[in-house]
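Beneath this line is the structure, given in structure tokens, with notes to follow.
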Amino acid sequence: MKPFTYERASSPAAAAAAVARTPGAKFIAGGTNLLDLMKLEIETPTHLIDVQELKLDKIEPTQDGGLRVGAFVSNTALASDARVRRDYGVLSRAIVAGASGQLRNKATTAGNLLQRTRCPYFYDTNQACNKRKPGSGCAALGGYSRQLGIIGTSDACIATYPGDMAVAMRLLDAQIETINPTGQSRTIPIADFHKLPGTTPHVENALQRGELITAVTLPKPLGGTHTYRKVRDRASYAYALVSVAAIVQPDGSGRVAIGGIAPRPWRVDAADAQLRNGSKAVVAPLLAGARPTEDNAFKVPLVERTLAAVLAETRA
Amino acid sequence: MKDSGSPEISRRGILAGGAAAVAATHVPLADAQTATRSGLKPTLAKVEMTVNGKREAMELDTRTTLLDALREHLHLIGTKKGCDHGQCGACTVMVDGKRINSCLSLAVMHQGDKITTIEGLGTPDKLHPMQAAFIKHDGYQCGYCTPGQICSAVAVIEEIRAGVPSHVTGDLNAKTPISNAEMRERMSGNICRCGAYSNILEAMTEVAETRA
Ligand SMILES: Cc1cc2nc3c(=O)[nH]c(=O)nc-3n(C[C@H](O)[C@H](O)[C@H](O)COP(=O)(O)OP(=O)(O)OC[C@H]3O[C@@H](n4cnc5c(N)ncnc54)[C@H](O)[C@@H]3O)c2cc1C
Ligand code: SF4
Ligand code: FES
Ligand code: FES
């Protein structure tokens, strides 16, 4: 690990300003992703700004009947909140499908959204990787790509966004609230938050340098039956090969978002519109333009079958 | 999850490797050399925490994980380093009553925190009920994962009682029973290379039942 200096910020604006003013500075929240990457020298911050004292650890009602989840709320606290369990079941389910009990106690809402890909070549500093080292190439193309993306990828990068929580948040149309180094706030719809790689796979999200996530807001409850189904190589403590988050209303309409297949939680309006017509009808617009590799072509039928199982379950 | 794919290593080999690793962390030479190469100097920072009821003040390289602070600085070597990347659970300790992986947390981030390690849970003459149950039910073979398993096991029962849901919880809005399925799922963050899982579950079941 490279040496770094450390400070605890005392206000969100001060934290944002501190990152903006210090070259090589980064925020640290739970540390469960950043420290992992620092040990491998994939991330090499020279200064860490700890956000634990910013009082961003509350879940509060919003004026329009939704919930505002502080950026520092732990995954365990969010999944356990009685309002989340009752009104946003898909979010509780997605969170507890991820990582382990120990990790979820430390992982935060903002840190989880910002977790980096699990592409094995991104993790191996001996390999070419455009995301880790822009312009160096992509060892995953033509390499071992079983876990990687089938849609939204590019010739520069085929990695996925690996997380679970964000898939449910995308389904719910959550909004991300931030503050920038000059103290201004803005709201980013989660649909615009994670970026597709194009020719710049190292640019992963809409945040500017020093911009701090302060909260994620959930809209007022959507009703319906909430499901999160995750398919993986072992029953627990593994990333998704494919995951399906769904809310289905009594009349059969609803929405779906897919994890494990793209550089961001994958949701397509035209696919949602087909929900009453069954999984095949949904998957056609959902996966239109998919470009799987030989290794991960199985994900195309797997999405369809997992969705079929989810729809059968919600109608049962 | 990375597959180590390592060839067969003898138990003796593992122990020798462990000792070498300990020796290396006591000699900051390697770090100092890295620092010169990268042009960055190691930074020391002061931190105070309560470990097993005892106030501890340390001055540490900011890079020191909570795990290394416990093992190498406070010499509480019960807590183990398996993977150092959050993938095995051997380093599980309790911070302010919640279990975490101490390998993925910086010591300097724990100013003022209360840490409980396996040494603080019980002592050889006054075992924690979970420690006693692990012995009774043979909840280990080599014992390497055991301190982490026991810390996790104690926390799991508390988490179910506190209403934390899990991946196998049926009704999110009902009280969760302490069942086999719930305990197994919640223990998935603790890997046991010896495969003592079913005995660990028996130990947990006994503790959950006697304290119910
Ligand atoms: C073995 C293992 C298995 C896992 N399995 C899963 C899984 O199955 N599913 C899953 O979804 N996840 C999984 N995870 C990932 C885990 O969910 C993330 O590590 C965690 O959510 C990151 O949160 P954190 O608070 O620890 O982030 P940190 O590591 O502290 O930070 C991550 C990034 O976010 C930035 N950041 C943090 N807070 C803010 C803020 N407020 N504003 C702006 N930037 C910020 C940091 O600078 C850093 O770049 C796994 C992790 C491990 C180690
Ligand atoms: S897929 Fe993306 S993350 Fe993986 S090696 Fe290629 S550029 Fe790097
Ligand atoms: S040593 Fe911490 S999880 Fe393996
Ligand atoms: S008892 Fe040997 S690893 Fe668990």
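What is the residue count in the stretch A:113-135 for residues that are away from ligand 1 (no atom under 16 Å from the Cβ), more than 14 Å from every other protein chain (Cβ to nearest Cβ), of a type outside the set (A, V, I, L, M, F, W, C) and open to solvent by less than 50 Å² (accessible area, probe 1.4 Å)?
Qualifying residue count, the stretch A:113-135: 1.
Tell me whether the stretch A:51-70 contains one or more residues that are more than 8 Å from chain B (Cβ to nearest Cβ) and within 18 Å of B:Ser188 (Cβ to Cβ).
no
Quick one: would you say A:Leu67 is open to solvent by less than 20 Å² (accessible area, probe 1.4 Å), more than 29 Å from A:Lys131 (Cβ to Cβ), among the hydrophobic types (A, V, I, L, M, F, W, C) and within 22 Å of the chain's Cα centre (by Cα)?
Judged against the criteria, A:Leu67 is a match.
Of B:Ser152, B:Ser198, B:Ser105, which residue is more than 10 Å from chain A (Cβ to nearest Cβ) and away from ligand 2 (no atom under 16 Å from the Cβ)?
So the residue among B:Ser152, B:Ser198, B:Ser105 that is more than 10 Å from chain A (Cβ to nearest Cβ) and away from ligand 2 (no atom under 16 Å from the Cβ) is B:Ser198.
Return yes when A:Asp81 is surrounded by fewer than 22 Cβ atoms within 10 Å (Cβ to Cβ), among the charged types (D, E, K, R) and either closer than 26 Å to A:Tyr237 by Cβ or in contact (Cβ under 8 Å) with a residue 60 or more places away in the chain (or both) and no when it is not.
On the way: surrounded by fewer than 22 Cβ atoms within 10 Å (Cβ to Cβ): yes; among the charged types (D, E, K, R): yes; either closer than 26 Å to A:Tyr237 by Cβ or in contact (Cβ under 8 Å) with a residue 60 or more places away in the chain (or both): yes.
Yes; evaluated as a whole, the condition is true for this residue.
Scan the stretch A:293-316 residue by residue and report those that are touching a Leu at 6+ places or on another chain (Cβ under 9 Å) and not in a helix (DSSP H, G or I).
Scanning the stretch A:293-316 gives A:Thr293, A:Asp295, A:Asn296, A:Phe298.
Can you name every residue in the stretch A:113-142 that is in contact with a helix residue (DSSP H, G or I) (Cβ under 7 Å, 6 or more places away or on another chain) and near ligand 2 (Cβ under 9 Å from one of its atoms)?
Within the stretch A:113-142, A:Arg116, A:Gln127, A:Cys129, A:Lys131, A:Arg132, A:Ala139, A:Ala140 meet the criteria.
When you look at A:Ile258, is it modelled with pLDDT of 95 or more and within 30 Å of A:Ala18 (Cα to Cα), yes or no?
It is false that A:Ile258 is modelled with pLDDT of 95 or more and within 30 Å of A:Ala18 (Cα to Cα).
Quick one: which residue in A:Arg186, A:Arg170 is surrounded by 18 or more Cβ atoms within 10 Å (Cβ to Cβ) and outside any loop (DSSP other than H, G, I, E, B)? Spell out the reasoning first.
Values: A:Arg186 fails: surrounded by 18 or more Cβ atoms within 10 Å (Cβ to Cβ).
After applying the criteria, what remains is A:Arg170.
Under 7 Å between Cβ atoms, at least 6 apart or on separate chains: pull out the pairs that start in the stretch A:217-246 with a residue that is without any contact (Cβ under 8 Å) to a residue 60 or more places away in the chain and away from every other protein chain (no Cβ under 12 Å) and end on any residue that is outside any strand (DSSP E or B) and surrounded by fewer than 16 Cβ atoms within 10 Å (Cβ to Cβ).
So the pair list comes out as A:Gly223/A:Gln249; A:Gly224/A:Gln249.
Return the pair list, or none, for Cβ contacts closer than 7 Å from residues in the stretch B:171-198 that are under 15 Å from A:Tyr237 (Cβ atoms) and within 16 Å of ligand 4 (Cβ to nearest atom) to residues that are outside any loop (DSSP other than H, G, I, E, B) and among the acidic types (Asp, Glu), at least 6 apart or on different chains.
From residues that are under 15 Å from A:Tyr237 (Cβ atoms) and within 16 Å of ligand 4 (Cβ to nearest atom), there are no pairs.
Working only within the stretch B:82-98, note down all residues that are at the interface with another protein chain (Cβ under 9 Å from one of its Cβ atoms), on the phi < 0 side of the Ramachandran plot and more than 8 Å from the chain's Cα centre (by Cα).
B:His85, B:Gln87, B:Val95, B:Lys98, listed by residue number.
Return yes or no: is A:Thr32 within 13 Å of chain B (Cβ to nearest Cβ) and surrounded by fewer than 19 Cβ atoms within 10 Å (Cβ to Cβ)?
No.
How about the stretch B:111-192: which helices (runs of 4 or more DSSP H) wholly inside it have at least 1 residues that are among the acidic types (Asp, Glu) and under 13 Å from the mean Cα position of the chain (by Cα)?
In the stretch B:111-192, B:118-121 are the helices (runs of 4 or more DSSP H) which contain 1 or more residues that are among the acidic types (Asp, Glu) and under 13 Å from the mean Cα position of the chain (by Cα).
If you go through the stretch B:83-92 one residue at a time, do you hit one that is open to solvent by less than 20 Å² (accessible area, probe 1.4 Å), away from ligand 4 (no atom under 16 Å from the Cβ), at pLDDT 95 or above and not acidic (Asp, Glu)?
Yes: one or more hits.
Out of the residues in the stretch A:86-112 that are within 19 Å of B:Ala162 (Cα to Cα) and of a type in the set (Gly, Ala, Ser), which is farthest from the other protein chains (Cβ to nearest Cβ)?
Looking at the filtered set, the residue picked out is A:Ala107.
State all residues of the stretch A:212-248 that are in contact with a Ser or Thr (Cβ under 9 Å, 6 or more places away or on another chain), over 13 Å from A:Val310 (Cα atoms), of a type outside the set (Gly, Ala, Ser) and away from ligand 1 (no atom under 14 Å from the Cβ); if no residue qualifies, say none.
Passing the criteria: A:Thr217, A:Leu218, A:Pro219, A:Lys220.
Tell me yes or no: at least one residue of the stretch A:71-82 is assigned to a strand (DSSP E or B) and either out of contact with any Pro (no Cβ under 7 Å at 6 or more places or on another chain) or within 16 Å of ligand 2 (Cβ to nearest atom) (or both).
At the first step, the residues of the stretch A:71-82 found to be assigned to a strand (DSSP E or B) are A:74.
Those still in the list that are either out of contact with any Pro (no Cβ under 7 Å at 6 or more places or on another chain) or within 16 Å of ligand 2 (Cβ to nearest atom) (or both) too: A:74.
Yes, the stretch A:71-82 contains at least one residue that is assigned to a strand (DSSP E or B) and either out of contact with any Pro (no Cβ under 7 Å at 6 or more places or on another chain) or within 16 Å of ligand 2 (Cβ to nearest atom) (or both).
Within the stretch A:261-283, track down each residue that is within 16 Å of ligand 2 (Cβ to nearest atom) and either modelled with pLDDT under 95 or open to solvent by 10 Å² or more (accessible area, probe 1.4 Å) (or both).
Within the stretch A:261-283, A:Pro263, A:Arg264 qualify.
Among the residues of the stretch A:42-49, is any facing another protein chain (nearest Cβ under 9 Å), surrounded by fewer than 24 Cβ atoms within 10 Å (Cβ to Cβ) and among the β-branched types (Val, Ile, Thr)?
First pass over the stretch A:42-49, keeping only residues facing another protein chain (nearest Cβ under 9 Å): A:44, A:46, A:48.
Those left that are additionally surrounded by fewer than 24 Cβ atoms within 10 Å (Cβ to Cβ): A:44, A:46.
Going one step further and asking which of them are among the β-branched types (Val, Ile, Thr), we end up with A:44, A:46.
Checking the stretch A:42-49: at least one residue is facing another protein chain (nearest Cβ under 9 Å), surrounded by fewer than 24 Cβ atoms within 10 Å (Cβ to Cβ) and among the β-branched types (Val, Ile, Thr).
Name the single residue that is farthest from A:Tyr88 (Cα to Cα) among those in the stretch B:155-183 being open to solvent by 50 Å² or more (accessible area, probe 1.4 Å) and at the interface with chain A (Cβ under 8 Å from one of its Cβ atoms). Outline the logic, then answer.
At the first step, the residues of the stretch B:155-183 found to be open to solvent by 50 Å² or more (accessible area, probe 1.4 Å) are B:158, B:161-162, B:167-168, B:170-171, B:173, B:175, B:177-178, B:180-181.
When the remaining residues are screened for being at the interface with chain A (Cβ under 8 Å from one of its Cβ atoms), the result is B:162, B:167, B:173.
Details: B:Ala162: 19, B:His167: 15, B:Asn173: 11 Å.
Selected residue: B:Ala162.
What residue, of B:Thr34, B:Thr43, B:Thr62, is at the interface with chain A (Cβ under 10 Å from one of its Cβ atoms), at pLDDT below 95 and either surrounded by 16 or more Cβ atoms within 10 Å (Cβ to Cβ) or within 22 Å of A:Leu40 (Cα to Cα) (or both)?
B:Thr34
The values are calculated or read from the model by the stated rules, or taken from the named source; none is laboratory data. Remember, it's a predicted structure, so these values are computed and weren't measured experimentally. Note: ideal-geometry Cβ built from the backbone for every residue, glycine included; neighbour counts use all protein chains shown. We work out accessible area using only protein heavy atoms, side chains counted, and drop any ligands, DNA or RNA first. Shrake-Rupley method; radii C 1.70, N 1.55, O 1.52, S 1.80 Å.
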